[in-house]
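The values are calculated or read from the model by the stated rules, or taken from the named source; none is laboratory data. Treat the numbers as computed from the prediction; the structure is a model and nothing was measured. As a convention, Cβ positions derive from the backbone with ideal geometry for all residues, glycine included, and neighbour counts pool all protein chains shown.
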Amino acid sequence: MRCSIIVPTYNRADLLAWTLHSLVEQDLAKDDFEVLVVDDGSSDNTRERVAEFESRLGLRYFYQPDEGYRVAKARNVGIAAARGVVCVLVDSGVLLASGALRAHCEAHENAAGPLAVCGYVYAFNENNEDAVAIRASIDPFKVDETISRFNEARLYSDLREEFYAKYGDDFNHLPAPWLVYWTCNVSAKRSVLEAVGSFDENFKTWGGEDVELAYRLHRYGCSFALARAAAAIHYPHEKSYERNMNDARTSYRYFAAKYGTPITALVVCTHFFVLNDIIINERIPSCEEFLRGRRQGSPAEGTPLNGDHG
């Protein structure tokens, strides 16, 4: 089997149904992929909505009790049960273009070594900017047509387009390419995810668990790249930007403390789109260089000694 699609969900039954419908419409042969929905304790009709698709998809449903925010655990349940060579990680409410799964698979099949793929996500933003207009513009049953309209009108590009425009679609040359590996639509080989230990289940608040995984993928030797053909639409859902940012700071502080390097310390209070420039301009050593110097009993060249960067 070429790929397993892992979709964690919590009380978003209607959005999940649209995600599953987009998977029904994939141009990949049905025998080439499976879908694993991992329910993080929903109290709505999620199970019933999933059942509607069981005859149309190779679909398995997993449920874990509601014990707070456990999306890392939910994704790990999916990875452990996956049968595909590649794991595609998407969120409920992400509607995939018909060629998205094929693009994810082909990126890995054509790669010379381990790869971490970022899919492109239209209408993906931080604070539900233009949410009403975006919802009115999306036909969840005609994803390809909606994406085509967005492209023609140059509307609702991926939040990370600023990053891609600055550094290119193949941004693996950066010292920290892992910063934009956000699990709304990404992929990696199952064997690689297992080799790095999958997601850290100590993340119990929103944000950070995907970037921390990406950091370990980078240290493992994965290259990072954008696959624009692995396209999707993020359907706006209700969220609190302020709460998410507060939760993210908690997560990033845990991430920084876990590794204790100058680069990982930067994630706490530095915008991700300028972080690589800071590393380069201030000649901050790579995590490997820093840790090697620490093992040898001396700071690596370029390591700040005043505590500014950890």
All helices (runs of 4 or more DSSP H) inside segment 201-289 with 1 or more residues being free of Cβ contacts under 8 Å to residues at least 40 places away in the same chain, within 23 Å of residue 78 (Cα to Cα) and within 19 Å of the chain's Cα centre (by Cα): 209-220
For residue 217: the one exception among (1) at pLDDT 95 or above; (2) not assigned by TED's automatic domain parsing to the domain that holds residue 142: (2)
In segment 34-70, residue farthest from residue 87 (Cα to Cα) [restricted to those that are within 18 Å of the chain's Cα centre (by Cα) and in a strand (DSSP E or B)]: 39
Count of residues meeting criterion [over 17 Å from the mean Cα position of the chain (by Cα) and hydroxyl-bearing (Ser, Thr, Tyr)] in segment 71-120: 1
Single residue of 4, 43, 55, 22 found to be surrounded by fewer than 20 Cβ atoms within 10 Å (Cβ to Cβ) and either closer than 26 Å to residue 203 by Cβ or touching a residue at least 24 places away in the same chain (Cβ under 8 Å) (or both): 43
All positions within segment 196-232 that are farther than 23 Å from residue 103 by Cα and of a type in the set (Gly, Ala, Ser): 197, 207, 208
Considering residues of segment 182-200 that are among the hydrophobic types (A, V, I, L, M, F, W, C) and part of a helix (DSSP H, G or I) only, the residue nearest to residue 81 (Cα to Cα): 193
Only listed residue being surrounded by fewer than 22 Cβ atoms within 10 Å (Cβ to Cβ), of a type in the set (Ser, Thr, Tyr), touching a strand residue (DSSP E or B) at 6+ places or on another chain (Cβ under 6 Å) and in the same structural domain as residue 147 (by TED's automatic domain parsing), chosen from 10, 69, 61: 61
Odd one out for residue 74 among (1) in contact (Cβ under 8 Å) with a residue 40 or more places away in the chain; (2) closer than 22 Å to residue 231 by Cβ: (2)
Filter result for the condition that a residue is aliphatic (A, V, I, L, M) and more than 16 Å from the chain's Cα centre (by Cα), over 131, 188: 131
